[in-house]
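The next block holds one structure in the form of structure tokens; read it before the comments.
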Amino acid sequence: MRLHTLSTADRLESELGPEQPMFAEGCQRDWDALPRPDLPLTVGLDGGYVHSSQQRSRRDGWFEVIAGKSMPTDGPAKCFGFVQTYDTKPKRRLFEVLKSQGMQMNQQVTFLTDSGGDVRALPLYLNPQAEHLIEWFHLTMRLTVMSQMTEGLRSRDNPEFAAEVLEELTRLKWFLWHGHVFRALQTVDDLQIDLDDTEQPSIERRSC
């Protein structure tokens with residue numbers, strides 16, 4: 001079983017085309033001449049670290065795995081994964097998965113990723129109609145951290161400043177959840193103006 005699995009993996013790897021920085025080919029005229037595309041594809045990508053059972057130190061024995069799932073509006077989903085530090089054709093691998101689901105250059109594709117650089121760079125230049133979004137879970141994690149940081153805000157002129165900023169962050173989260181992008185951006189601008197005029201939180205030494 002082990003030998004057959006390894007042989008099959010070697011064969012599939014040899015059939016995989018070369019890696020490229022860009023897979024979006026052609027121009028707008030070529031894309032307009034394509035037949036009507038299927039309904040949009042939604043692709044979720046995420047990365048995580050796996051702990052080796054033979055770890056010898058705290059820094060040794062960890063490796064990053066990036067996994068994804070491509071979900072067409074109609075039809076079965078497809079999954080893929082690779083080890084970030086070993087795979088030499090990650091972009092090609094994802095492109096072939098999308099291609100096997102009939103992706104065309106005039107088809108809409110939505111990529112949902114976290115804020116990690118490796119994960120966000122993977123789907124770039126795969127499709128000219130692609131939309132790249134940060135998934136809600138990682139977005140709310142950032143808002144949660146920002147909400148916790150409001151406890152250290154101080155304003156000489158406004159003792160309720162921290163509570164007001166927390167209220168603005170809650171409003172921002174509501175706007176994002178309901179798709180009010182314009183209002184969300186306005187809230188971000190207002191927060192930036194308010195925070196520029198505040199004192200920087202200081203670290204206080206406290207006795208145990």
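How big is Rg to Rh over the range 38-134, alpha-carbon atoms, Rh as the Kirkwood inverse-mean-distance radius?
Values: Rg = 14.8 Å, Rh = 14.3 Å.
Rg/Rh for the range 38-134 comes to 1.04.
Would you calculate a helix-derived [θ] at 222 nm for the chain, using -39,500 (n - 2.57) for each DSSP H run of n ≥ 4 and dividing by the full residue count, to the nearest 500?
Details: 7 runs with 82 residues, N = 208.
Taken over the chain, the calculation gives -12000 deg cm²/dmol.
In Å, what Rg and Dmax follow from the Cα atoms of the chain?
Considering the chain through its Cα atoms, Rg and Dmax are 23.0, 73 Å.
Note the full-extension length gain between E19 and D38 as 0.36 nm times their separation in residues minus their Cα-Cα distance, in nm to one decimal. Provide the component values of the computation, followed by the final result.
On the way: separation 19, 0.36 × 19 = 6.84 nm, distance 2.59 nm.
That pair, E19 and D38, stretches by 4.3 nm at full extension.
Can you sort M1, M149 so the residue with the fewest Cβ neighbours within 10 Å comes first? Spell out each step's value before the answer.
Values: M1 5, M149 14.
Ascending Cβ contact count within 10 Å gives the list M1, M149.
When only DSSP loop residues count, what chymotrypsin sites (Phe, Trp or Tyr not before Pro) in the range 95-132 have their Cβ near at most 16 other Cβ atoms within 10 Å?
Numbers: sites: F95, F111, Y125; in loops: Y125.
Filter output for the range 95-132: Y125.
Does anyone have the angle between helix 161-177 and the longest principal axis of the chain? Alpha-carbon axes, 0 to 90°, nearest 10?
30
Loop sites only, by DSSP: take the GluC sites (Glu not before Pro) in the chain that have at most 16 other C-beta atoms within 10 Å and name the longest stretch containing none of them. Before the final figure, lay out each step's value.
Details: sites that count: E19, E25, E135, E160, E204.
Counting only loop sites that pass the neighbour cut-off, the longest clear stretch is 26-134.
Looking at the chain, identify the longest residue range that excludes and avoids all trypsin sites (Lys or Arg not before Pro) in DSSP loops having at most 10 other Cβ atoms within 10 Å. Walk me through the intermediate numbers first.
Numbers: sites that count: R56, R58, R59, R156, R205, R206.
Here the longest run is 60-155.
Rule-based calculations on the coordinates, nothing more; no lab input. Here the structure is a predicted model, which is why all the values come from computation and not from measurement. Cβ atoms come from the backbone with ideal geometry, glycine included; neighbour counts cover every protein chain shown.
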